[in-house]
Amino acid sequence: MNTQLLNPDKDEKAYEKAAKYILAGEVVGMPTETVYGLAANALDGQAVKKIFIAKGRPQDNPLIVHIADLKQMDKLVSFIPENAKKLADAFWPGPLTIILPKAECIPIEVSAGLDTVGIRFPNHKVAQNLIKAAGVPLAAPSANLSGRPSTTTAKHVMEDLNGKIPAVLEGGACTVGVESTVISLVGDKPRLLRPGGISLEQLMEVVGEVEIDRAIKEKIGDDVRVSAPGMKYRHYAPKAPVTVVCGDANKTAEYIKQNANKTAGILCFKEYMNVFSDYKCFEMGFKDDVSSQAKRIFDALRAFDETDVTEIWTQCPSDEGLGLAVANRLKKAAGFHVINLG
Ligand code: TXA
Ligand code: MG
């Protein structure tokens, strides 16, 4: 199969072509503000199966359903609690996924056997236009091979999926750069399952207390049942093993310098590039600019795979704001191999 890159800026039929693939039961690469997604008709179980095949994704990991109009949610869930309305009002369209009890129409391939479904209204014109052109909600995980870092440009998607899917829609570099925040509203209290583009602090302003799932900060064994099945898998990982060093940035830079082998790759804050001039080094934006770190990390983690580094060391932002999501992705890339310098 030849994967077509469809650019809506250059081809006025781009949406029509992509929608045709979707309605024929195929999967299409789609940009969103967080990361690129691999989209199929969420109401067509056979089409959704192809997503799992293209990615090599474990079958027990459910997919998020993307909508382009609030009203679309009514048919996809069996109940909309007050907190869901508040969150949708505050953060949609945007990088937030809300887990709710699913409606009958959600195929088992989307929910992976759970009785819930994640809904998200993305804030990206190309995603919205595709959903509207297809006229159906789109199930979409991140458009990377399972286990690899997520994709934040159409070029990344091509690297992972060229030849495996009929088309990718071009939508430029993702402006958020880490995936959506996943919050579950099916239990007694709102529960954060995955930190992402909307911070915990922002969520708490709208719904008050939010429980935090264990899998966000620590490694969960394969035999343990977790709330978001995706959180237990090794993830976002480049080929070389990663070590995350947390703490004051001067101290972490010094620690890495002392402990890294000559053949190591370094991911550091921009201020520290000169410290690591002897190494293969990528920067992730300035120390205090966590939104540029979010935009940079997946590209940097992927870039190490183009090099011959034998190990990777990275600095890490604190857990405040978007930092919680960036730190989570780095720690997951490291299989939670983390050194805390306090
Ligand atoms: O930003 C994003 O969320 C991107 C873009 C494409 O929208 N999508 C994305 O999908 O990151 P994916 O499949 O790579 O990650 C979805 C996460 C997984 O950890 C999955 O286990 C969890 O959300 N999830 C999905 N549906 C769920 C459900 N019903 N209950 C619990 N967790 C769920
Ligand atoms: Mg993913």
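If you filter the stretch 238-327 for trypsin sites (Lys or Arg not before Pro), then keep DSSP loop positions with at most 15 other Cβ within 10 Å, what is left?
Those that pass, being in a loop and sparsely packed, are Lys239, Lys262.
Can you classify the stretch 1-128 as rounded, prolate or oblate using the Cα gyration tensor, where a ≥ b ≥ c are the square roots of its eigenvalues, rounded means a/c under 1.5, and otherwise it's prolate if a/b beats b/c and oblate if not?
Taking the square roots of the gyration eigenvalues as a ≥ b ≥ c, the stretch 1-128 is oblate.
Return the loop-located GluC sites (Glu not before Pro) in the stretch 1-110 (DSSP other than H, G, I, E, B) with at most 10 other Cβ atoms within 10 Å of their own Cβ; answer none if there are none.
Sites meeting the loop and neighbour criteria: Glu12, Glu104.
So what's the gap between the Cα centers of the stretch 267-325 and the stretch 127-143, to the nearest angstrom?
So the two Cα centres are separated by 31 Å.
Taking only protein heavy atoms into account and a 1.4 Å probe, give the accessible area per residue of the chain in Å².
43
Set the Förster radius R0 to 51 Å, insert the Cβ-Cβ distance between Asn162 and Glu82 as r into 1/(1 + (r/R0)^6), and round the FRET efficiency to 0.05.
Calculated value: 0.70.
What is the Cα convex hull volume of the stretch 4-216 when expressed per residue in Å³?
Hull volume over Cα atoms, normalised by residue count, gives 107 Å³.
In the neighborhood of Val178, defined by Cβ-to-Cβ distances under 9 Å, what is the net charge if each Lys or Arg adds +1 and each Asp or Glu adds -1?
Charge balance near Val178 sits at +1.
Please report the carbon-and-sulfur percent of the accessible area for the chain; probe 1.4 Å, protein heavy atoms only, DNA, RNA and ligands left out.
On the chain, the fraction of accessible area on carbon and sulfur atoms equals 49 percent.
Only Lys, Arg, Asp and Glu count, each charged at its Cβ (+1, +1, -1, -1), so figure out the dipole size of the chain about its Cα centre, rounded to 20 debye.
Here the chain has a charge dipole of around 580 debye.
Please identify the trypsin sites (Lys or Arg not before Pro) of the stretch 1-33 that satisfy two criteria: DSSP loop assignment and at most 13 other Cβ atoms within 10 Å. Which are they?
Lys10, Lys13
Suppose every Lys and Arg Cβ carries +1 and every Asp and Glu Cβ carries -1, with no other charges. What dipole size does the stretch 96-228 come out with about its Cα centre, to the nearest 20 debye?
Here the stretch 96-228 has a charge dipole of around 320 debye.
Filter the cross-link list Lys49/Lys295; Lys85/Lys132; Lys219/Lys262; Lys86/Lys295; Lys85/Lys287; Lys295/Lys332 down to pairs whose alpha-carbon distance in this structure exceeds 24 Å.
Table pairs above 24 Å Cα-Cα are Lys49/Lys295; Lys219/Lys262; Lys86/Lys295; Lys85/Lys287.
Grab the other residues whose beta carbon is less than 10 angstrom from that of Phe298, score K and R as +1, D and E as -1, and report the net.
After counting each charged neighbour, the total is +3.
Hey, if you put +1 on the Cβ of every Lys and Arg and -1 on every Asp and Glu Cβ in the chain, which of Ile339, Met204, Val65 ends up farthest toward the positive end of that dipole?
Val65
Quick one, can you get me the convex hull of the C-alpha atoms of the stretch 242-340 expressed as volume per residue in Å³?
Each residue corresponds to 82 Å³ of Cα convex hull volume.
Could you give the length gained by full extension between Asn7 and Lys219, i.e. 0.36 nm per residue of separation minus their alpha carbon distance, to one decimal place?
72.3 nm
The values are calculated or read from the model by the stated rules, or taken from the named source; none is laboratory data. Just so we're clear, the structure is a prediction, and the values are computed from it rather than from any experiment. All Cβ positions, even for glycine, are placed from backbone atoms using ideal geometry, and neighbour counts span all protein chains on display. Protein only, heavy atoms only, side chains kept; ligands, DNA and RNA dropped before computing areas. Shrake-Rupley method; radii C 1.70, N 1.55, O 1.52, S 1.80 Å.
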